Amino acid sequence: MTAPILQMKGVSKRFTLHHQNGVELPVLCGVDLSVAPGECVVLDGPSGMGKSTLLKLIYANYRASEGSITVRSAQGTPIDVTQAAPRTLVQLRRDSIGYVSQFLRVIPRVPALDVVAEPLTEETAGDAQAQAAARAQARAWLSRLRIPERLWQLPPATFSGGEQQRVNIARNMIRPRPLLLLDEPTASLDAANTETVIALIREAVARGAALVGIFHDAHVGAAVATRRVNVGDFRGAAR
Ligand SMILES: Nc1ncnc2c1ncn2[C@@H]1O[C@H](COP(=O)(O)OP(=O)(O)OP(=O)(O)O)[C@@H](O)[C@H]1O
């Protein structure tokens, strides 16, 4: 069997509520999850069950209370994100993990085209040919996601919610990373753009990426899932 790209073993997460006398809020317990290349695992479960928390643990936005979360990097090296040094995490996010959240973290004054191209341009500074190729790819992503050309040279701060979400998708998918985390990537999109995102997700699966996603739109979840996992099964002794 192909080695997994993501392997979570015995992961739990408790939040310590410092404003409430350090009360502990258990959210996830006993998470064992492996995701192989070419799989799209869709996370199910009621609101507040811990779906977004699970993605943030993998992306190392949150630190696991217990367990290991191993990601096979673009170079083929297994890295436990619960133990990795900050510098290793920065590099891992750059070349190995894409994370599409609902919202674009807007970079002031940077035009949309550069925001999208950046994951390809940041390591090729000084190589004019590579920079031009990256911008060409960014233009192709923006047009595929129906961002009007008149917006490409403008910073996305004033774009609509759906436009910002599409810039965010382009920025996080332009570099073909082995692991892609999707937290409601179609929440603000119309039907045509939702279908485009479904096609993009399927293309990522076809090239052998491992995906883990949350989709409140049941149609999208059904269209992209190769496997479904109920996060409610990871409550364990937590509640
Ligand atoms: N930083 C945090 N500090 C304290 N509690 C948190 C934090 N992040 C999440 N939680 C709590 O963890 C639980 C799970 O939240 P999470 O956002 O992962 O749920 P979800 O399943 O993604 O919900 P939804 O479907 O509504 O987005 C909630 O009770 C939430 O309040």
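The values are calculated or read from the model by the stated rules, or taken from the named source; none is laboratory data. These figures come from a predicted structure and were not determined experimentally. Cβ placement follows ideal geometry from the backbone for every residue including glycine, while neighbour counts extend to all protein chains displayed.
In this structure, is Cys29 surrounded by 20 or more Cβ atoms within 10 Å (Cβ to Cβ) and closer than 30 Å to Glu203 by Cα?
no
Go through the residues of the range 68-81 one by one and say whether even a single one is within 16 Å of the ligand (Cβ to nearest atom), touching a residue at least 40 places away in the same chain (Cβ under 8 Å) and either at negative phi or surrounded by 12 or more Cβ atoms within 10 Å (Cβ to Cβ) (or both).
yes
Looking for something surrounded by fewer than 16 Cβ atoms within 10 Å (Cβ to Cβ), of a type outside the set (Asp, Glu), within 19 Å of Thr196 (Cβ to Cβ) and not assigned by TED's automatic domain parsing to the domain that holds Val197 - is there at least one such residue anywhere in the range 155-162?
Yes, there is a match, as at least one residue in the range 155-162 is surrounded by fewer than 16 Cβ atoms within 10 Å (Cβ to Cβ), of a type outside the set (Asp, Glu), within 19 Å of Thr196 (Cβ to Cβ) and not assigned by TED's automatic domain parsing to the domain that holds Val197.
Being within 15 Å of the chain's Cα centre (by Cα), over 19 Å from Leu57 (Cβ atoms) and either crowded, with 16+ Cβ neighbours inside 10 Å or outside the structural domain of Val71 (by TED's automatic domain parsing) (or both): is that true of Ile174 here?
yes
Within the range 16-26, can one find any residue that is closer than 13 Å to Ile214 by Cβ and surrounded by fewer than 16 Cβ atoms within 10 Å (Cβ to Cβ)?
There is no residue in the range 16-26 that is closer than 13 Å to Ile214 by Cβ and surrounded by fewer than 16 Cβ atoms within 10 Å (Cβ to Cβ).
Identify the residue in the range 76-116 that is outside any loop (DSSP other than H, G, I, E, B) and among the hydroxyl-bearing types (Ser, Thr, Tyr) and, among all such residues, is farthest from Val31 (Cα to Cα).
Per the stated criteria, the residue is Thr88.
Which pairs do you get when a residue that is closer than 12 Å to Glu163 by Cα, found in the range 179-193, comes within reach of a residue that is of a type in the set (D, E, K, R) and surrounded by fewer than 21 Cβ atoms within 10 Å (Cβ to Cβ), reach meaning Cβ atoms under 7 angstrom, with the pair 6+ apart or on two chains?
Pairs that qualify, where the first residue is closer than 12 Å to Glu163 by Cα and the partner is of a type in the set (D, E, K, R) and surrounded by fewer than 21 Cβ atoms within 10 Å (Cβ to Cβ), are Thr186/Asp217; Asn193/Arg146.
Just the residues that are β-branched (Val, Ile, Thr) and more than 10 Å from the chain's Cα centre (by Cα), please, taken from the range 97-118. I'd like the intermediate steps shown before the answer.
Within the range 97-118, the first condition is being β-branched (Val, Ile, Thr), and the residues that meet it are 97, 100, 106-107, 110, 115-116.
Correct list: Val106, Ile107, Val110, Val115, Val116.
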